[in-house]
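The values are calculated or read from the model by the stated rules, or taken from the named source; none is laboratory data. Quick caveat: nothing in here was measured; it's all calculated off a predicted structure. Because the Cβ atoms are built from the backbone with ideal geometry, glycine has one as well, and the counts that use them run over all protein chains shown. Ligands, DNA and RNA are excluded from the accessible area calculation, which covers all protein heavy atoms including side chains. Shrake-Rupley method; radii C 1.70, N 1.55, O 1.52, S 1.80 Å.
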Amino acid sequence: MMKKLRHFGLLGGVILCCGVLMNFTIVAESEENISTPDMSVQESLTKNSNSELLESSVNYSKSDTSKSTSEYGNEGSTTSVSDKETEKPVGFEEIDVEDAVTSTYDVSEKVRPTTVAAGYTMDDIRGEYTFKKSTPIYDNPISKNIIAYFDKGDKVLYDKKGEVQGVTFVSYVTKKGERLYVSIADYDISNPQINNDSSIAPNFNDFKDPGQVNYVAHIQHEGWQGWAKQSQTSGTTGKSLNLDAIKIRLHPSSYSYKGSIEYRTHIQNRGWQKWVKDGELSGTVSENLRMEAIQINLTGDLSSKYDVQYRTYVQNIGWQPWVNNGNIAGTTGKSLRIEAIQVKVVYREDARKENPWEIINKKGVYTFTKRSEIKNNPSNSGKTIDFYDKGQQVEYDGVLKNEGKFWLTYVASNGQRRFVECDQNLVDTQDSKRNPQVEPKYDKKKSGMINYLTHVQNVGWQDWVRDGQTAGTNGRSLRMEAFKLELGQLPLNGSVQYRAHVQNIGWQKWSGPGNYAGTSGRSLRMEALEIKLTGDLSKRYDIEYRAHVQNVGWMPWVRNGQMAGTQGRSLRMEALQIRLVER
């Protein structure tokens with residue numbers, strides 16, 4: 001009986017070998033028929049639907065080829081290698097299990113394309129990761145079909161990195177040109193320059209106080225910083241560190257016009273990169289290549305209403321002058337690194353003459369007392385979008401006065417800013433309740449770097465504002481009569497001094513924190529002012545400020561003791577903005 005079994009086993013082996021040879025011949029002929037000189041790799045891939053790539057449930061494992069995909073794949077998928085023939089994209093050979101655990105930056109022309117599902121993106125980031133445990137390798141981070149496994153201690157050289165369905169993935173190319181994916185949710189902190197908490201850019205949705213323009217920088221040896229906004233410094237100064245990469249995006253609710261922000265960077269050894277937009281990455285990460293220059297532009301209707309202004313802190317130079325609208329900040333051909341950047345979006349003066357109104361930030365809920373038109377701008381000539389009926393309510397985030405009428409404004413569900421005329425003076429609601437002679441209390445807990453308030457005709461003392469916000473009024477023909485400054489909690493010695501040029505008085509003496517410049521209760525207009533820093537503060541920061549003046553509008557920014565406003569022209573100051581800018 002045992003002999004018969006041995007003979008049967010021998011006969012079975014012969015049959016099996018023949019079957020393998022026949023199958024090999026059929027596969028070879030099939031592959032010849034699939035790929036023709038007239039069909040490119042991309043065309044071949046196009047003939048296979050995305051569903052074929054995502055639904056494949058065949059598993060390849062370096063250590064266990066019998067593993068099921070039920071743990072990682074689509075619900076109910078339990079097919080193993082022995083249950084189903086392998087389905088692979090046309091134009092590529094079968095994925096080699098041994099090749100799957102190799103990685104290289106020398107990418108060949110024939111590379112399996114990225115098949116991440118819509119809504120997920122991966123940044124071009126290079127680095128090396130050391131695995132802390134056995135980790136599966138996937139052909140796609142959505143379907144999670146296991147190709148092989150990296151063992152504990154293995155390393156991978158990746159060229160893409162991103163978050164897919166809440167999990168951090170890196171993507172790499174094998175030596176044979178396959179693009180594969182692996183999760184690195186558990187970081188190896190042995191190399192803090194690559195695998196630390198700052199290796200992923202912070203989520204913009206977690207930024208609690210965004211501005212008109214927002215940006216985040218990746219710094220040599222330090223990784224991603226937190227988001228900065230409107231004129232704030234992103235990067236470092238005095239530490240001789242490269243600014244490696246940047247992401248820039250606008251805050252949609254700040255604008256009532258269509259458009260986006262685009263930018264590109266000039267990188268060491270690579271030159272100008274392609275234009276990207278709206279929070280996409282420009283530059284490099286983990287490659288130790290310095291950013292040398294940058295260009296930033298606004299697009300669409302935004303570009304006709306606003307300017308984007310920016311400046312860079314450059315090696316051996318320091319802060320360069322502000323440039324705008326696509327001009328080059330930084331240097332090219334000098335091998336000098338950018339170390340920090342500041343960006344701001346400002347309303348164009350010619351656009352301000354076309355639309356002289358300015359939104360006052362004020363939130364509330366308004367109940368309509370009559371049928372009211374919803375318009376695309378606060379004007380009788382504005383386009384009517386829809387209506388609110390009597391009794392309906394709207395939650396608004398701003399108010400203004402234009403054409404002698406009061407308006408409220410809000411951002412609609414489609415992201416567009418809308419305006420509705422209201423029959424209440426929402427602009428002056430809070431001001432009318434305030435005793436003009438009572439100054440609001442300064443709250444250190446809510447302070448910024450520089451804090452200020454103004455005394456305004458018919459209004460009295462307004463609330464404290466900070467760091468570039470508007471104090472005073474605009475479009476209401478009301479004179480500024482006095483102002484007062486307070487510094488925030490800055491870790492440097494020094495103070496701030498200021499003085500005002502007042503109607504019938506001229507220049508007053510210099511004042512400091514706790515005192516006001518100008519007059520109160522005398523109905524005298526402020527016409528100009530000067531502000532300067534003292535002590536170590538003056539060595540670390542510039543204080544910049546500008547005035548909104550009768551018949552002129554917003555004047556250019558000045559700094560460090562220069563005059564803002566006018567002298568000898570009998571024009572009232574109406575509003576003020578002040579900010580500290582790190583040198």
Roughly to the nearest percent, how much of the accessible area of segment 288-343 is carbon and sulfur, given a 1.4 Å probe? 38
Please report how far the C-alpha centroid of segment 147-185 lies from that of segment 316-343, rounded to the nearest whole angstrom. 35
Taking 30 Å as the cut-off for C-alpha to C-alpha distance, list the pairs among LYS362/LYS484; LYS229/LYS258; LYS305/LYS390; LYS208/LYS239; LYS133/LYS208; LYS484/LYS539 that go past it. LYS305/LYS390; LYS133/LYS208
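Which order do the peptides 378-387, 237-246 take when ranked by the mean count of other beta-carbon atoms within 10 Å per residue, highest first?
In decreasing order of mean packing, 378-387, 237-246 become 237-246, 378-387.
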Quote the FRET efficiency, to the nearest 0.05, computed for GLN393 versus GLN562 with a Förster distance R0 of 60 Å and r equal to the Cβ-Cβ distance. 0.80
Chain lengthening between ASN325 and LYS155 when straightened (0.36 nm per residue, less Cα-Cα): 56.8 nm
Specify whether the C-alpha gyration tensor of segment 131-180 places it in the rounded, prolate or oblate class, a ≥ b ≥ c being the square roots of the eigenvalues: rounded for a/c under 1.5, otherwise prolate if a/b is larger than b/c and oblate if not. rounded
Can you give me the accessible area per residue for segment 429-542, using a 1.4 Å probe, in Å²? 49
May I ask you to derive the FRET efficiency for GLN508 and TYR442 from their Cβ-Cβ distance with R0 = 25 Å, giving the value to the nearest 0.05? 0.75
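Over all directions, what mean area does the Cα convex hull of segment 516-583 project, stated in square nanometres?
5.1
Can you tell me how much longer the chain between LYS133 and TYR347 gets when fully stretched, taken as 0.36 nm per residue apart minus their C-alpha distance, in nm with one decimal?
My answer for the length gained is 71.7 nm.
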Per residue of segment 485-497, what does 6.51 cos²θ - 1.76 cosθ + 1.60 with θ = phi - 60° give for ³J(HN,Hα)? Whole Hz please, x for Gly and Pro, Karplus curve as stated. 10, 9, 7, x, 7, 9, x, 9, 6, x, 8, 10, 10
Sorted by chain and number, the residues with a modelled amide H under 5 Å from that of PHE150, at a separation of 5 or more or across chains, are THR135, ILE137
FRET efficiency estimate (nearest 0.05) - Cβ-Cβ, LYS405 to ASP307, R0 30 angstrom: 0.55
Please state, as a whole number in µm²/s, the translational diffusion coefficient that the Stokes-Einstein equation yields for segment 430-578 at 20 °C and 1.002 mPa s, with Rh defined as the Kirkwood radius across alpha carbon pairs. 141
Mind ranking 208-216, 569-577 by how tightly packed they are, going by the mean number of other C-beta atoms within 10 angstrom, highest first? 569-577, 208-216
Give, as a single signed number, the net charge of other residues whose beta carbon lies under 9 Å from the beta carbon of LEU243, with Lys and Arg counted +1 and Asp and Glu -1. 0
Starting from the residue with the highest accessible area, list GLU280, GLU544 in decreasing order, probe 1.4 Å. GLU280, GLU544
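Stick to the Cα atoms of segment 449-529, pair each with every other, and give me the Kirkwood hydrodynamic radius in Å at one decimal. Provide the component values of the computation, followed by the final result.
Working: mean 1/r = 0.0759 Å⁻¹.
Kirkwood hydrodynamic radius for segment 449-529: 13.2 Å.
By average Cβ neighbour count within 10 Å, what is the ranking of 389-395, 530-536, 172-178 from highest down?
Ranking, from highest mean packing down: 172-178, 530-536, 389-395.
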Would you please give the residues with an amide H less than 5 Å from that of THR102, counting only those at least 5 places away or on a separate chain, with H modeled from the backbone geometry? LYS175
Apportionment of accessible area to carbon and sulfur, segment 434-543, percent (1.4 Å): 41
Under a 1.4 angstrom probe, counting protein chains only, how are ILE328, ILE184 ranked by accessible area, largest first? ILE328, ILE184
Amide H contacts of TRP319 (H built 1.01 Å from N, under 5 Å, at least 5 apart or other chain): VAL314
Could you tell me whether segment 487-531 comes out rounded, prolate or oblate from its Cα gyration tensor? Rule is a ≥ b ≥ c as square roots of the eigenvalues, rounded for a/c under 1.5, then prolate if a/b exceeds b/c, otherwise oblate. prolate
With a probe of 1.4 Å, find how much accessible area segment 205-298 has per residue, and write the answer as a whole number in Å². 40
Would you kindly state how much longer the chain becomes between GLU98 and LYS362 on full extension, computed as 0.36 nm times their sequence separation minus their alpha carbon distance, in nm to one decimal? 88.8 nm
Cα gyration tensor of segment 440-496 diagonalised, 5x eigenvalues square-rooted, in angstrom largest first, produces semi-axes 24, 10, 10
